[in-house]
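The values are calculated or read from the model by the stated rules, or taken from the named source; none is laboratory data. Everything numeric in this text was worked out from a predicted model, so none of it was measured. Here the Cβ positions follow ideal geometry from the backbone for every residue, glycine too, while neighbour counts run over all protein chains shown. Keep in mind that these areas ignore ligands, DNA and RNA; they rest on the heavy atoms of the full protein, side chains included. Shrake-Rupley method; radii C 1.70, N 1.55, O 1.52, S 1.80 Å.
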Amino acid sequence: MARYSYQFPKRENLLRFQKEEEDNLLKAIPLFCFPDGNNWAPLNEYTSETFSFVLTNIDSSRKFGYCRRLLPAGKGSRLPEVYCIISCLGCFGLFAKILDEVEKRRQIATAVIYPFMQGLREATFPAPGKTVKIKSFIPESGTEIIELTRPPDSRLEHVDFKTLIGCLSCKNILKVFASVVLERRIIFIAQDLSILSQCIHAVAALLYPFTWEHTYIPVLPKVLLDTVCCPTPFMVGIQNQFLNQVLDLPMEEVLLVDLCKKELLKTVGDEDDILPTKLQDQMLSSLKTQQTKEQTSDEINKTMSDTFMQFFVKTVGHYSSHFKEQKGGKRVFQEKAFVNAVHSKSIRRFLKSFVKTQMFSILIQAAEKNTTMPKGYFQQKVQEFHELKKSK
């Protein structure tokens, strides 16, 4: 059974309500740090790995767990350890760098970690695009200045599309996207926990400006495998050693994605027909270009994000024009007019299904409560798209 040997901040420094919340977390965290179970034999060698998981609260808010699983310094056979940071913020790159520093200090002594974490706690967390400097002392090395930087675009700071592109063909990425857009049941399979969590977070990010509202467990612990029997939508990741066990469970229609073999093991059968044909061809062409072009991870993230956001700009970007104000100032969305406003038959067919999803309903409910439409990044892109159409 996994157990705790180190904790920051120390429990006596927490308030009562924080301790109650922490007790619940402490019960769940070990399951996700060792999703493959606790039956580990002592090891002489083990390549450290970084992965993340998600905990969903009762109010549907989410916490991210960032993990570094490693073999501590020493001689002879020993058990691996996991260092886990829990945060309300999705920022994989920044927390991965923090875990690099934790691992470096762990190889010296556990006691060296605490001053570093205390320095982090006292520092102001950087805003998007900003950097914070942490001064930290390491025996034999002296004082170090560690710089932690967040990317300028907060939409992409938890995303690594490069891993997804490397694990699936362009056509299969679109089939997965089509299934996610209609809020279906999707299981991802991989051995490497890092690949598993990075690919699922990347798929979820393709939905911007929408959010996956259903069961979302990028790393599914062994004890929770029967989650795949749920009749409701879910997006989960399991290690391939549990594949046969999962296949023996009574599941509804599901898309089963093998990230190791780069193929779809199970499909519903209509994945090629969900997205509007013309837009699907445009996205496929863009994806193929990205797979053959030399780009940095940041460039891939931006290009991928823009490719899929343009899909929503062209299909639902006109939604803000279809609210009718009733007596009392209440705004009501005109769904039929919204769907029929599109000239393309294939886009109208897609919208008739998409308007039934929870992610679209939540967007509309929020818009109905506001007297003015939000002016975010997506709305900016919608405006640019319509202005470009007018200029042609």
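Quick notes on this structure:
- Only Lys, Arg (+1) and Asp, Glu (-1) charged, at Cβ; the chain dipole about Cα centre in debye: 1160 debye
- Cβ-based net charge around PHE32, under 12 Å, with every Lys or Arg adding one and every Asp or Glu removing one: +3
- Neighbour net charge for LYS171 - beta-carbon separation under 12 angstrom, K R +1, D E -1: -1
- Solvent exposure of the chain, expressed per residue, is 52 Å² of accessible area, with all protein chains present and a 1.4 angstrom probe.
- For the chain, with all protein chains in place and a probe radius of 1.4 Å, 50% of the accessible heavy-atom surface sits on carbon or sulfur.
- Crossing angle, helix 92-106 versus the chain [Cα axis fit, 0-90 degrees, rounded to tens]: 10 degrees
- Using θ = phi - 60° in the Karplus curve 6.51 cos²θ - 1.76 cosθ + 1.60, the 3J(HN,Hα) couplings for segment 266-273 round to 9, 9, 7, x, 10, 4, 6, 9 Hz; x is entered for Gly and Pro.
- For the chain, the residue among CYS84, GLN282, GLN326 whose Cα projects farthest onto the positive side of the dipole built from Cβ charges is GLN326.
- When the alpha carbon gyration tensor of the chain is reduced to an equivalent ellipsoid, its three semi-axes come out at 39, 25, 21 angstrom, largest first.
- Computed over the chain with a Gaussian network model linking Cα atoms closer than 10 Å, the most mobile of THR296, THR215, THR267 is THR296.
- 3J(HN,Hα) along segment 329-335, derived from phi through the Karplus expression 6.51 cos²θ - 1.76 cosθ + 1.60 where θ = phi - 60°, amounts to x, 6, 9, 10, 6, 9, 4 Hz, with x in place of Gly and Pro.
- When each of LYS261/LYS314; LYS97/LYS162; LYS302/LYS390; LYS261/LYS352; LYS352/LYS390 is checked by Cα-Cα distance, pairs over 24 Å: LYS261/LYS314; LYS302/LYS390; LYS261/LYS352; LYS352/LYS390
- Computed extension gain for ALA73 through LEU243, at 0.36 nm per residue and net of the alpha carbon distance, reaches 57.9 nm.
- For segment 121-134, 3J(HN,Hα) computed residue by residue from phi via the Karplus equation (6.51, -1.76, 1.60; θ = phi - 60°) reads 5, 7, 7, 6, 5, x, 6, x, x, 9, 10, 10, 10, 10 Hz, glycine and proline entered as x.
- Under the convention that each Lys and Arg Cβ holds +1 and each Asp and Glu Cβ holds -1, the size of the dipole of segment 68-182 around its Cα centre is about 280 debye.
- Along the chain, longest interval not containing exposed chymotrypsin sites (Phe, Trp or Tyr not before Pro), exposed being DSSP loop plus at most 16 other Cβ atoms within 10 Å: 47-392
- Among residues other than CYS199 with Cβ under 15 Å from its Cβ, the summed charge is -1 (Lys and Arg +1, Asp and Glu -1).
- Principal-axis tilt of helix 277-292 within the chain, Cα atoms, nearest 10 degrees: 30 degrees
- Applying 0.36 nm per residue to the separation of CYS230 and TYR114 and subtracting their alpha-carbon distance, the gain on full extension is 37.6 nm.
- Dipole magnitude of segment 194-341 about its Cα centre (Cβ charges: Lys, Arg +1; Asp, Glu -1), debye to nearest 20: 620 debye
- Between the amide H of LEU265 and those of LEU256, VAL257, ASP258, distances stay under 5 Å, these residues lying 5 or more places away or on another chain, with hydrogens modeled in the peptide plane.
- Taking 0.36 nm per residue of separation and subtracting the current Cα-Cα distance, fully stretching the chain between ALA41 and LEU388 would add 118.8 nm.
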